[in-house]
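Notes to accompany the following structure.
The values are calculated or read from the model by the stated rules, or taken from the named source; none is laboratory data. What you see is a predicted model, and the numbers here were worked out from it, not measured in a lab. As a convention, Cβ positions derive from the backbone with ideal geometry for all residues, glycine included, and neighbour counts pool all protein chains shown.
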Amino acid sequence: MIPPKGKPLSDFPSLPPGFRFGTSTAAYQIEGAATEDGRGPSIWDEFCARPGTIADGSSGAVAADHYHRYAEDVALLKGLGAHGYRLSVAWPRVQPAGEGTPNPKGLDFYDRLLDALVEAGIEPMVTLYHWDLPQALEERGGWLDRATAERFAEYAGHVAARLGDRVAHWVPVNEPNVTALLGYALTAMAPARGLSFDALPAVHHQLLGHGLTVQSLRASGAASIGTATNHTPVWPASDDPADHEAAAFYDLLWNRLVADPILLGAYPDGFAELMPGPVADDLKIIASPLDFYGANYYNPTAIQAPGKPSAPATATAAGHVEVPSDLPFQFAPMTGHPRTDFGWPVVPEGLYELIMQLRERYPSMPPLYITEQGCAYNTPPDADGVVDDSARVAYYDAHLREVARAIADGADVRAYYAWSLLDNFEWAEGLTQRFGLVWTDYETLRRTPKRSYHWFAELIAAQRA
């Protein structure tokens, strides 16, 4: 078990000079203002409107109201001592229908936000797509349609032209594997297509959109471009060869299907033939050189062959997911580890394993950034208004020590972005899971820095000293 308050910071290993700390958020999860200043509907607005899709019936219509309270949130980042802040731009706020002339008021908001960040000495890392596809594009096929990748690169060009002079780092597409599997293959998140393997075009077109956008950003003078891909170590549930085979397939589907094209310029064996379009030419675009590779880690995944007793509903980056019986794998119970309030296993050594696995698989990989990593603990304020989330302190302490261990063992890891700055709308789980360093009161929208916020600030200051 992890000690309830972590280890003393006095014995925390020194990270290399220049190592950077930050936090991450996503537009739909924090901004609110869903119908203000010309913003168009996204697939998540539509998904939230369907009865029974969100655990508590909430939506991102208000969320943490960051749209109106961004100055307060930038002040929190400055108080944290964060070097950087990973935010996302809402495509439907910039182009309400996903194409055409940009909405000036939408870009004005990000103008103000980036100005505030730069003035506070915080480097913006801008994610251009964090799951909020304009609904108008979804109605024309969404990521199943090649044209969406082309519209995405055009949108990226508009954003770069207006904001690029203040953006330190760019991430074109957040977690394309999550969108493709949970939104197109399954129905756990928007747009809930449920297509199984017919969802593979959504993988390819997101990757193509990534590559086209890398090229567009390079043409605009961008100096630092990377990724934010969800990765998980995959563990066979037993020594049964069938479990090992199922785990290898899931590892391929979740980890390698996205990373191989970006870092190696090729799909895993057998998959190129399943993708649409001129795949060989597309792969040259998809593999456009990067300045960093961003990985998002939450926990390992235990996998077993179909037909065995399985975990009741396995938690992933988007929530709890049921896997259809016709797939050649199923999630297995993962025992022997403490769990967050979301039910996710706490496995700090899994982060070390992931870092070293990526280093081994992709020897020419650019420097690694941990672009998301965090935990849901729902500890409320006490009678004095203090949020004593000691479990989150222990969580971050243990995981960051694993980052330090990986660096000591030769991995080139240069940044760590905690998920998340604020409690926010947690996709299909609504407002029921709290990942923030800062407590959000969803009735008053008051922010309260948690104990973990103060611990993280102390860690950053100590590493800077």
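Within the group LEU459, LEU400, LEU431, which residue is over 15 Å from VAL387 (Cβ atoms), modelled with pLDDT of 95 or more and part of a loop (DSSP other than H, G, I, E, B)?
LEU431
Considering only residues that are modelled with pLDDT under 95 and either among the small types (Gly, Ala, Ser) or crowded, with 22+ Cβ neighbours inside 10 Å (or both), which ones fall in segment 292-315? It would help to see each step written out before you state the result.
Taking segment 292-315 as the starting set, the residues that turn out to be modelled with pLDDT under 95 are 306-315.
Of everything in segment 292-315, those that are modelled with pLDDT under 95 and either among the small types (Gly, Ala, Ser) or crowded, with 22+ Cβ neighbours inside 10 Å (or both) turn out to be GLY307, SER310, ALA311, ALA313, ALA315.
I'd like the full set of residues that are part of a helix (DSSP H, G or I) and among the charged types (D, E, K, R), limited to segment 141-156.
Within segment 141-156, ARG146, GLU150, ARG151, GLU154 qualify.
Quick check, is ALA180 in contact with a Ser or Thr (Cβ under 9 Å, 6 or more places away or on another chain), in contact (Cβ under 8 Å) with a residue 12 or more places away in the chain and either of a type outside the set (Phe, Trp, Tyr) or buried (at least 22 other Cβ atoms within 10 Å of the Cβ) (or both)? Explain how you work it out, then say what you get.
Working: in contact with a Ser or Thr (Cβ under 9 Å, 6 or more places away or on another chain): no; in contact (Cβ under 8 Å) with a residue 12 or more places away in the chain: yes; either of a type outside the set (Phe, Trp, Tyr) or buried (at least 22 other Cβ atoms within 10 Å of the Cβ) (or both): yes.
Taking the combined requirement at face value, the residue does not satisfy it.
For segment 126-144, state whether one or more residues are within 14 Å of TYR110 (Cβ to Cβ), in contact with a Lys or Arg (Cβ under 7 Å, 6 or more places away or on another chain) and not acidic (Asp, Glu).
Yes: segment 126-144 contains one or more residues that are within 14 Å of TYR110 (Cβ to Cβ), in contact with a Lys or Arg (Cβ under 7 Å, 6 or more places away or on another chain) and not acidic (Asp, Glu).
Could you please let me know if LEU114 is crowded, with 21+ Cβ neighbours inside 10 Å and either outside any helix (DSSP H, G or I) or of a type in the set (Val, Ile, Thr) (or both)? Talk me through it step by step, then tell me what you get.
Numbers: crowded, with 21+ Cβ neighbours inside 10 Å: yes; either outside any helix (DSSP H, G or I) or of a type in the set (Val, Ile, Thr) (or both): no.
Taking the combined requirement at face value, the residue does not satisfy it.
Could we say that VAL393 is of a type in the set (Val, Ile, Thr), at pLDDT 95 or above, part of a helix (DSSP H, G or I) and on the phi < 0 side of the Ramachandran plot here? Lay out the reasoning, then the answer.
Numbers: of a type in the set (Val, Ile, Thr): yes; at pLDDT 95 or above: yes; part of a helix (DSSP H, G or I): yes; on the phi < 0 side of the Ramachandran plot: yes.
Yes, satisfied.
Look through segment 251-263, keep the residues that are of a type outside the set (A, V, I, L, M, F, W, C) and under 19 Å from MET356 (Cβ atoms), and return whichever of them is surrounded by the most Cβ atoms within 10 Å (Cβ to Cβ).
Start the filter on segment 251-263 by keeping residues that are of a type outside the set (A, V, I, L, M, F, W, C), which leaves 251, 255-256, 260-261.
Narrowing the set further to residues that are under 19 Å from MET356 (Cβ atoms) leaves 251, 255-256, 260.
Details: ASP251: 22, ASN255: 24, ARG256: 20, ASP260: 21.
Once the filter is applied, the top-ranked residue is ASN255.
Please go through segment 411-428 and give me each residue that is of a type outside the set (A, V, I, L, M, F, W, C), assigned to a loop (DSSP other than H, G, I, E, B) and more than 18 Å from LEU76 (Cα to Cα), ordered by number. Outline the logic, then answer.
Going through segment 411-428, the residues of a type outside the set (A, V, I, L, M, F, W, C) turn out to be 412, 414, 416-417, 420, 423-424, 426.
Now drop any that are not assigned to a loop (DSSP other than H, G, I, E, B), which leaves 412, 420, 423-424, 426.
Across segment 411-428, the qualifying residues are ASP412, GLU426.
Given the residues PRO268, PRO276, PRO289, which is the only one that is at pLDDT 95 or above and within 16 Å of ARG361 (Cα to Cα)? Quick ask: steps written out before the conclusion?
Details: PRO276 fails: within 16 Å of ARG361 (Cα to Cα); PRO289 fails: within 16 Å of ARG361 (Cα to Cα).
It is PRO268.
Go through segment 5-28 and report how many residues are over 14 Å from THR127 (Cα atoms) and in a loop (DSSP other than H, G, I, E, B).
12
Does any residue of segment 64-78 turn out to be part of a loop (DSSP other than H, G, I, E, B) and either modelled with pLDDT of 95 or more or acidic (Asp, Glu) (or both)?
If we filter segment 64-78 for residues that are part of a loop (DSSP other than H, G, I, E, B), which is where we start, we get 64-65.
Checking the rest, the ones that are also either modelled with pLDDT of 95 or more or acidic (Asp, Glu) (or both) come to 64-65.
Yes, the conditions are met somewhere in segment 64-78.
Quick test for you: out of GLU123, GLU139, pick the one residue that is surrounded by fewer than 24 Cβ atoms within 10 Å (Cβ to Cβ), out of contact with any Pro (no Cβ under 6 Å at 6 or more places or on another chain) and without any contact (Cβ under 8 Å) to a residue 40 or more places away in the chain. Spell out the reasoning first.
Working: GLU123 fails: without any contact (Cβ under 8 Å) to a residue 40 or more places away in the chain.
Just a single option satisfies the conditions, and that option is GLU139.
Report whether or not PRO345 is closer than 30 Å to LEU422 by Cα and either surrounded by fewer than 16 Cβ atoms within 10 Å (Cβ to Cβ) or not aliphatic (A, V, I, L, M) (or both). Can you show your working first?
Working: closer than 30 Å to LEU422 by Cα: yes; either surrounded by fewer than 16 Cβ atoms within 10 Å (Cβ to Cβ) or not aliphatic (A, V, I, L, M) (or both): yes.
It is true that PRO345 is closer than 30 Å to LEU422 by Cα and either surrounded by fewer than 16 Cβ atoms within 10 Å (Cβ to Cβ) or not aliphatic (A, V, I, L, M) (or both).
Might you let me know whether segment 362-372 holds any residue that is within 19 Å of the chain's Cα centre (by Cα), under 23 Å from LYS450 (Cβ atoms) and at pLDDT below 95?
no
Restricting attention to segment 203-216, does a residue exist that is at pLDDT 95 or above, in contact with a Lys or Arg (Cβ under 9 Å, 6 or more places away or on another chain), farther than 24 Å from ALA415 by Cα and surrounded by fewer than 22 Cβ atoms within 10 Å (Cβ to Cβ)? Explain how you work it out, then say what you get.
Filtering segment 203-216 for residues at pLDDT 95 or above gives 203-216.
Narrowing the set further to residues that are in contact with a Lys or Arg (Cβ under 9 Å, 6 or more places away or on another chain) leaves 204-205, 208-209, 211.
Now restrict to residues that are farther than 24 Å from ALA415 by Cα: 204-205, 208-209.
Then drop every residue that is not surrounded by fewer than 22 Cβ atoms within 10 Å (Cβ to Cβ), which leaves none.
No, the conditions are met nowhere in segment 203-216.
Checking ARG162 against (1) within 25 Å of ASP65 (Cα to Cα); (2) surrounded by 23 or more Cβ atoms within 10 Å (Cβ to Cβ); (3) not β-branched (Val, Ile, Thr): exactly one of these is not met. Which one?
Among (1) within 25 Å of ASP65 (Cα to Cα); (2) surrounded by 23 or more Cβ atoms within 10 Å (Cβ to Cβ); (3) not β-branched (Val, Ile, Thr), ARG162 violates only (2).
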